[in-house]
Every structure is written in structure tokens, then in C-alpha cells.
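Data block below; observations after.
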Amino acid sequence: MVKHMQTARIVAALVLLTGWAGAQQNRASPHATANVTLKGKQVSIAYGRPSMRGRKIVGDLVPFGQVWRTGADEATAFVTPLNLTIGRVVIPAGSYTLYSLPAENSWKLIVNKQIGQWGTEYDQSQDLVRIDMQESKTKAPVEQFTISWNKTGADKADLVLEWENTRLTVPVTAN
């Protein structure tokens with residue numbers, strides 16, 4: 001029974017990370033997966049990678065004070081097989097969606113319990129938590145939105161979001 005439940009969770013995570021067939025046909029941007037191994041287990045984020053293409057991004061295409069899908073196309077999928085502390089908040093193992101709330105001098109990472117939806121189908125009542133991110137400038141403009149991990153220890157990494165001239169980070173620790 002336990003093995004069956006684990007298999008079901010893995011299949012559900014793969015569906016989230018690869019997107020569903022209908023959504024793939026409507027994708028406007030390339031997609032990527034950002035993975036990190038913490039305490040021997042893989043934490044994954046699957047997301048769309050929109051490009052600047054000469055547009056003003058932060059404060060315009062991604063407006064201040066409005067929830068952003070944190071990528072393109074279907075909602076950004078976040079799957080963790082272990083409990084994590086993101087910033088100062090404990091996130092239980094599971095599957096989630098990541099959104100962002102940009103502001104002029106601060107951004108929040110939103111961990112949302114709703115999964116499998118198109119990126120613009122945001123339901124605030126499903127928010128698990130909103131976490132402050134550290135904002136800084138990139139060394140050079142970043143043409144295509146990128147999510148990555150900066151490993152800082154066996155059980156620690158910084159989650160990094162970059163686009164245009166904005167770099168956002170938040171520490172993540174495996175519990």
C-alpha cells in the first residue's frame with residue numbers, strides 16, 4: 001500500500017512537471033525544470049521561460065501590486081518530497097504552484113495549494129504562504145526568465161529567480 005502511494009505521488013509529480021497535453025499545444029514560451037538535491041531527495045520546479053523581446057518587464061509586463069504567474073503558460077509547478085523551510089516558513093512535502101507578488105522595493109513568493117491550472121487561474125484562498133524574497137540587480141540583463149538553485153550546503157540552497165535586471169533569492173533548507 002505504501003509503495004502504491006509513493007508510485008502515485010511520483011506519477012502525479014511527473015504529470016505536473018511535464019504539463020498536460022492540451023496545455024503543451026498552447027505554450028507560447030519554452031519550458032524548463034530547475035532541480036536541486038537536498039538530503040538526497042530531488043526538489044523540482046517546472047516553469048515557462050518567457051523572453052524580454054525588447055519589452056520592459058518589471059513594473060510593466062509584470063506589474064507591481066498584482067500577482068504574477070512566475071513564468072509563462074501553465075502555472076509554475078513546485079514539487080518537494082520532503083519538508084522544507086523557505087525563508088522562515090515550513091512547507092510540508094507535496095505539490096504546489098508558485099506565484100509572485102512584485103512590489104517596487106520588495107517581492108513575495110507565493111506557495112499556493114492549487115495545482116494543475118493555467119498560470120492565470122490564481123485563487124488567493126488556496127495560498128499556503130507568502131514569503132519575502134531578497135531583491136538585487138543582475139550583473140547583466142537576463143533575456144529569458146530563469147529559475148535556478150544555488151546550492152549552499154548538503155541540505156541548503158538559495159532559490160533564484162532572474163529576469164531583465166532583477167534577481168530574487170530566498171533561502172531553502174531541507175528539514
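The values are calculated or read from the model by the stated rules, or taken from the named source; none is laboratory data. A quick note: this is a predicted structure, and the numbers were derived from the prediction, not measured. Counting neighbours? That spans all protein chains shown, and the Cβs are built from the backbone with ideal geometry, glycine included. Surface areas here come from the heavy atoms of the whole protein model, side chains and all, with no ligands, DNA or RNA. Shrake-Rupley method; radii C 1.70, N 1.55, O 1.52, S 1.80 Å.
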Residues of the range 121-145 classified as within 13 Å of residue 101 (Cα to Cα) and not hydrophobic (A, V, I, L, M, F, W, C), total: 7
Any hit, the range 143-157, residues being β-branched (Val, Ile, Thr), more than 22 Å from residue 49 (Cα to Cα) and open to solvent by 50 Å² or more (accessible area, probe 1.4 Å): yes
Residue match in the range 95-113 (condition: without any contact (Cβ under 8 Å) to a residue 24 or more places away in the chain, over 13 Å from the mean Cα position of the chain (by Cα) and surrounded by fewer than 18 Cβ atoms within 10 Å (Cβ to Cβ)): no
Single condition residue 120 does not satisfy, out of (1) at pLDDT below 95; (2) outside any loop (DSSP other than H, G, I, E, B): (2)
